[in-house]
Amino acid sequence: MDWQTPEDTVPSAFITEANARSLSGKPPATGAWRDGDPVGNRQFASVGALTLERGGELPVVRVAYETFGTLNADASNAVLVVHALTGDSHVVGDPGPGHPTGGWWNGMVGPGKAIDTDRWFVVAPNMLGGCQGTTGPASYAPDGREWGSRFPFVTIRDQVAVQIALTDALGIGRWAAVIGGSMGGMQALELAIEHPERLDRVAILAAPAISNADQIALNSVQLEAIRMDPLFADGDYYDEDEGPHQGLALARRMALLNYRSPSELNDRFARSWQSGLSPMGGGGRYAVESYLDYHGNKFTRRFDANSYLTLVQSMSSHDVGRGRGGTVEALRRVTARALVLGIDSDRLFPVPDQRHIAAHLPGNIDGTEPHVISSPFGHDGFLIEESLVGGQLRRLLDD
């Protein structure tokens, strides 16, 4: 097993020959965690059936989650941390059996850190539709087969409904805070709107109130890359020796271009060659091409193509104003103290998205403006800039 660090949490870097050799051989049909694999630090809760926003039902939902710290006697110190698209419940910890990557927020959660586990009891679930233990396309349906192509369309609101069901299963009446970045920020905001009585504070990091046409377009080409892979087999590839790893890797490469800023890639790679062979007709490659290829290949070994489709479509469904009279009216329903954080180089969910939220969120700690950090790392800055983001989380949590 190639124990990995998520590339989202570190600056871009040149790919060495040793890096490339570590991923030799074809990936499995799916990188999903499967029943029978090492459990690692996961805990599991069955939260029953789920009626879906668009109709239909999942007859049973299991949630994989991890906890950090100690819940106090009156359950008043619980903090929900919600991961982004390709994250999971492993917020803190080393890679190892059951966890192919290290914690994606190791520098942010722990004793004495911004989310101080000497004070807070942190719960981090894998979201509905994911592939690391919570019910998703790679999970077994009641008939004993993987859901595969039969897995239903789920929205951000469905994922929040599962988080509320987990809240109840854990005996937590009200979260001291709900914190999420990117897709997790969409869910944190949706939870604060739909269930204002269930949280005191909310942190919305690098996320919008609605997925706009540009963002949906970026999502759509990633989805098509997976569907066009001949090994996708209309989503039913789990019994095969190979899955749609080429399509999934291509989708990941596309996404990475939106997660990082042009300045970071230019400053890091410029026009460097990967080797002594010229990329101008000499059979060589530019270093930035090798960077994208390596991380696309690495991703296929820890993720599932069907889950990627499911979650990206959930992101495209995001619209807090749907059925609520528009986004402004929806945002006014929030009663929690709120931190709205944007990143000046974010080209996926740029600062105007956070300005719209902050302008209409009654409890925003910065008035009608978001707090904007300056970072060369683009959208992934909320994962990488631990000092800048951590300082703002302390402001919210210490209030």
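The values are calculated or read from the model by the stated rules, or taken from the named source; none is laboratory data. Everything numeric here is computed off the predicted structure, so don't read it as measured data. A quick note on method: Cβ atoms are made from the backbone with ideal geometry, for glycine too, and the neighbour counts reach across all protein chains shown. Ligands, DNA and RNA are excluded from the accessible area calculation, which covers all protein heavy atoms including side chains. Shrake-Rupley method; radii C 1.70, N 1.55, O 1.52, S 1.80 Å.
Tabulated data
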{"quantity": "Condition met for Ser272 (over 30 Å from Glu146 (Cβ atoms), hydroxyl-bearing (Ser, Thr, Tyr) and open to solvent by 20 Å² or more (accessible area, probe 1.4 Å))", "calculated": "yes"}
{"quantity": "Which listed residue is in a helix (DSSP H, G or I), over 26 Å from Arg150 (Cα atoms) and either modelled with pLDDT under 90 or not basic (Lys, Arg) (or both), from Leu231, Leu248, Leu257", "calculated": "Leu257"}
{"quantity": "Candidates Ala206, Ala233, Ala217, Ala188, filtered to the one that is hydrophobic (A, V, I, L, M, F, W, C), out of contact with any helix residue (DSSP H, G or I) (no Cβ under 8 Å at 6 or more places or on another chain) and crowded, with 24+ Cβ neighbours inside 10 Å", "calculated": "Ala188"}
{"quantity": "Test: Leu309 is free of Cβ contacts under 8 Å to residues at least 40 places away in the same chain, surrounded by 21 or more Cβ atoms within 10 Å (Cβ to Cβ) and not basic (Lys, Arg)", "calculated": "no"}
{"quantity": "Complete set of residues in region 142-158 that are under 17 Å from Ser46 (Cα atoms), open to solvent by less than 10 Å² (accessible area, probe 1.4 Å) and not in a helix (DSSP H, G or I)", "calculated": "none"}
{"quantity": "The lone exception for Phe382 - which of (1) in contact (Cβ under 8 Å) with a residue 40 or more places away in the chain; (2) on the phi > 0 side of the Ramachandran plot; (3) out of contact with any Lys or Arg (no Cβ under 6 Å at 6 or more places or on another chain) it fails", "calculated": "(2)"}
{"quantity": "Residues of region 326-376 that turn out to be in contact with a strand residue (DSSP E or B) (Cβ under 6 Å, 6 or more places away or on another chain) and of a type in the set (Lys, Arg), as a count", "calculated": "1"}
{"quantity": "Any chance Gly342 is of a type outside the set (A, V, I, L, M) and part of a loop (DSSP other than H, G, I, E, B)", "calculated": "no"}
{"quantity": "Residue identified as surrounded by fewer than 23 Cβ atoms within 10 Å (Cβ to Cβ) and either farther than 29 Å from Ser374 by Cα or modelled with pLDDT of 95 or more (or both) among Asp267, Asp239", "calculated": "Asp239"}
{"quantity": "Selected residue [in contact (Cβ under 8 Å) with a residue 12 or more places away in the chain and assigned to a loop (DSSP other than H, G, I, E, B)] from Ile204, Ile172", "calculated": "Ile172"}
{"quantity": "Only listed residue being within 19 Å of Ala358 (Cβ to Cβ) and either among the acidic types (Asp, Glu) or assigned to a helix (DSSP H, G or I) (or both), chosen from Ala188, Ala217", "calculated": "Ala188"}
{"quantity": "Single residue of Ser290, Ser316, Ser374 found to be farther than 22 Å from Glu264 by Cα and in contact (Cβ under 8 Å) with a residue 12 or more places away in the chain", "calculated": "Ser316"}
{"quantity": "Subset tally (residues that are free of Cβ contacts under 8 Å to residues at least 60 places away in the same chain, under 21 Å from Gln187 (Cα atoms) and either among the charged types (D, E, K, R) or in contact with a strand residue (DSSP E or B) (Cβ under 8 Å, 6 or more places away or on another chain) (or both)) for region 211-245", "calculated": "1"}
{"quantity": "Residue that is closer than 20 Å to Asp380 by Cβ and crowded, with 18+ Cβ neighbours inside 10 Å, where the choices are Ala161, Ala114", "calculated": "Ala114"}
{"quantity": "Leading residue by the ranking (least open to solvent (accessible area, probe 1.4 Å)) among those in region 362-382 that are more than 10 Å from Leu339 (Cβ to Cβ) and assigned to a loop (DSSP other than H, G, I, E, B)", "calculated": "Ser375"}
